[in-house]
Amino acid sequence: MIVKKIREELLKHLPEDLPFKVEPPREEAFGDYATNAALVLAGRLKRPPRELADELAGKLSARADLFSKVEVAGPGFINFFVAPGYWQSVVKEVLSRGEDYGRSELGRGRKVQVEFVSANPTGPLHIGHGRGAAVGDTLARILSFAGYEVVKEYYVNDRGRQMEILGRSVWLRARELSGEKIDFPEDHYRGDYIKDLARKLLAERPNLLTLPEEEAVAIARDFALREILEEIKQDLIDFGVSYDVWYSERGLYERGEVEEALRALSEAGHLYEKEGALWFRASAFGDEKDRVVRRSNGEPTYFASDIAYHREKFLKRGFDLVVDVWGADHHGYVPRLKAVLSALEIDPERLQVLLIQMVNLIEGGKLKSMSTRAGEFVTLRELMDEVGRDAVRFTFLTRKCDAPLEFDVELAKRQSQENPVYYVQYAHARLSSVFRKTEEAGLKLETFGDADYTRLDTPEDFKLFKLLDAFPQVVEDSARSLEPHRLTYFLLDLATAFHDYYTKHRFLSEDEELSRARLALARAVKQVLKTGLNLLGVSAPERM
RNA sequence: GCGCCCGUAGCUCAAUCGGAUAGAGCAUUGGACUACGAAUCCAAAGGUUGGAGGUUCGAGUCCUCCCGGGCGCGCCA
């Protein structure tokens, strides 16, 4: 990573806390990397930026092993032209680190939890959950690769009012199936899957309807929960998502965590009673208003569970950082949860909430509308079956998550240049094909290590070197900013550079030394494509 | 009414804690396979970054106001 080296060199001559940047300039004429260090320093020292830039450039240009030229330009930017020898050494670096190339120590083993999807087990996952799954899972992979100790978790709301309604929904459908005329309530779950569950339950428990209502509903509830959760797990597995922990809300109560958390808040003086209910003084910590934690009927609210859950994450389970991935419709919930952390004297910055915006499904140029209650929604399963796992995951990862996403079904299905996932995968498959040819030609792979990299000297070679060199930085940036889509865009760039290279140069030629060097480059590119696709949870096919 | 998110090329989107002349893909037009996979490549054209002020060496990015769209504002989850 040349950026790191430039930064290190600069820091030898600059105050440690100076917030300067080193980044590739827009114009190639301005070198490979540029820094605004002199401009920032000028503001602090009240000295002319050009003058400071000249001084710095003079010192840095001594590193002839790294730079072929260091110049001052514009208002005081310092432009670095990296020595060809450095670039060429990147291939060797990639090959020697292999699948660990890009792995970093950024996290230094800090414990981070990524909690995502956590959809109520009251129905199948829909495409919105799918987006959350893709983002959460990929983020977890990236954080892990960047040196964090990561736990992936799904919080299961397996108690409370929604569960009761679910049980009643199934029970009512079961009665309907046995010929009874039912006026199905508006606020119950109306999807067809409820009827399927009712049918299955009746087959298992033929005596269900002879039982007292309360008992029958409880049976229906537990049955539906188990069945739906199994389906959710299977959907996620097929989507390439596996969890370390399935966390039960019910368990929180059984272990007394909720009462303990409320007691802690109470002892700290942050709770009060009003109109028979118990309130948390959220407004004292930046929230709009105070929030109920225990209703006047004695039932704790969902919020109470969440207080206990997050308290446990930080105080008992020892996570340094917690990332919650939520649907954007829950955004109003963030301030109250952060308020709880403040009240518990936990730095609220240690909780990062990613709000995933809506997915609009476009089919035949038309928007498909959705409503969970009415049962009209496209499920993740249906979308996967229709367009394929790789295309779905990749598409979900082509946007920053706080922007709504338009998912064009027909486009995602098309196996052509319009579909970016195939563009990247094709690059990988093409490279695989090159190596199949290489084997046929009988070239020895082991000899790549001592290839003469100075033979790689075209503009297309350097374009690839720079991208390979930047990969570890992209991983770190994605981890730091919690923005997996940066990696997606990097892979598209790398694939573009490779396809361009492929049409201009041959990997296999009469010139054996040149072939050897180019194959080494090809192998490095293939490695980084594969590592990157793995991080996205998208396959890197040998053939397509 | 209050709060959060979004507004960038015809369409879908990028743009690194504020950096130099705002970039891709698609669509449009024109071109490239007698050698490793044409699911590819090259070129042209496409912009008052929703609008108006402000902050400064420098603003798509930060601040204020306005316009438009989405989502919240419950002793639901």
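Just so you know, all these numbers are worked out from the coordinates, no wet-lab data involved. Keep in mind that what you see is a predicted model, and the values were worked out from it rather than measured. Note: ideal-geometry Cβ built from the backbone for every residue, glycine included; neighbour counts use all protein chains shown.
In this structure, A:Glu213 and A:Glu382 have a Cβ-Cβ separation that, at R0 = 35 Å, corresponds to a calculated FRET efficiency of about 0.55.
Cross-link pairs exceeding 22 Å between alpha carbons, from the set A:Lys12/A:Lys92; A:Lys69/A:Lys466; A:Lys413/A:Lys504; A:Lys59/A:Lys466: A:Lys12/A:Lys92; A:Lys413/A:Lys504; A:Lys59/A:Lys466. For A:Lys152, a cut-off of 28 angstrom between C-alpha atoms picks up these lysines, skipping any fewer than 8 places away in its own chain: A:Lys111, A:Lys233, A:Lys313, A:Lys316, A:Lys338, A:Lys400, A:Lys530. Summing Lys and Arg as +1 and Asp and Glu as -1 over all other residues whose Cβ lies under 15 Å from the Cβ of A:Leu252 gives a net charge of -2. For A:Arg97 and A:Val353, the difference between the fully extended length at 0.36 nm per residue and the C-alpha to C-alpha distance is 88.8 nm.
Each part reduced to its alpha carbon centroid, the stretch A:70-100 and the stretch A:201-247 end up 56 Å apart.
Cross-link partners of A:Lys274 among aspartates and glutamates, defined as those whose alpha carbon lies under 16 angstrom from its own and excluding same-chain residues fewer than eight positions apart: A:Asp290, A:Glu299.
Multiplying the residue separation of A:Asp320 and A:Gln234 by 0.36 nm and subtracting their alpha-carbon distance yields 27.9 nm. For the stretch A:89-133, trypsin sites (Lys or Arg not before Pro) are listed when DSSP marks them as loop and at most 14 other Cβ atoms sit within 10 Å of their Cβ; the list is A:Arg108, A:Arg110.
For the stretch A:15-166, taking Cα atoms only, Rg and Dmax work out to 24.3, 73 Å respectively. Under 15 Å from a label point set 7 Å out along the Cα-to-Cβ vector of A:Glu51, the amide N atoms of the stretch A:76-106 belong to A:76.
The average projected area of the stretch A:463-544, computed from the convex hull of its Cα atoms over all directions, is 5.8 nm². In a DSSP loop and with at most 15 other Cβ atoms within 10 Å, the trypsin sites (Lys or Arg not before Pro) in the stretch A:167-224 are A:Lys181. Normalised by 2.2 N^0.38 Å, where N is the number of residues, the C-alpha radius of gyration of the stretch A:2-82 stands at 0.97.
For the residues A:Arg486, A:Arg250, A:Arg161, what sequence is obtained by ranking on other C-beta atoms within 10 Å, fewest first?
Fewest to most other Cβ atoms nearby, the residues stand as A:Arg161, A:Arg250, A:Arg486.
Only beta bridges with both residues in chain A are counted; by DSSP, about 50 percent of them are antiparallel. Dipole size of chain A about its Cα centre, with +1 on Lys/Arg Cβ and -1 on Asp/Glu Cβ: approximately 500 debye, rounded to the nearest 20. Taken along the Cα-to-beta-carbon direction at a fixed 7 Å, the label points for A:Ala29 and A:Lys504 span 2.0 nm. Extension gain for A:Asp402-A:Thr458 works out to 16.2 nm (0.36 nm per residue, less the C-alpha to C-alpha distance). Within chain A, all pairs of alpha-carbon atoms sorted by distance into 20 Å bins from zero give the percentages 18, 42, 29, 10, 1. Each residue in A:Ser478, A:Ser96 was given a count of other beta-carbon atoms within 10 angstrom of its own, and listing them fewest first yields A:Ser96, A:Ser478.
The aspartates and glutamates whose alpha-carbon is closer than 19 Å to the alpha-carbon of A:Lys5, local same-chain residues fewer than 8 away aside, are A:Glu16, A:Asp17, A:Glu23, A:Asp32, A:Glu55, A:Asp65, A:Glu71, A:Glu93, A:Glu105, A:Asp469, A:Glu476, A:Asp477. Once the Cβ-Cβ distance of A:Phe81 and A:Glu410 is raised to the sixth power relative to R0 = 35 Å, the FRET efficiency obtained is 0.15.
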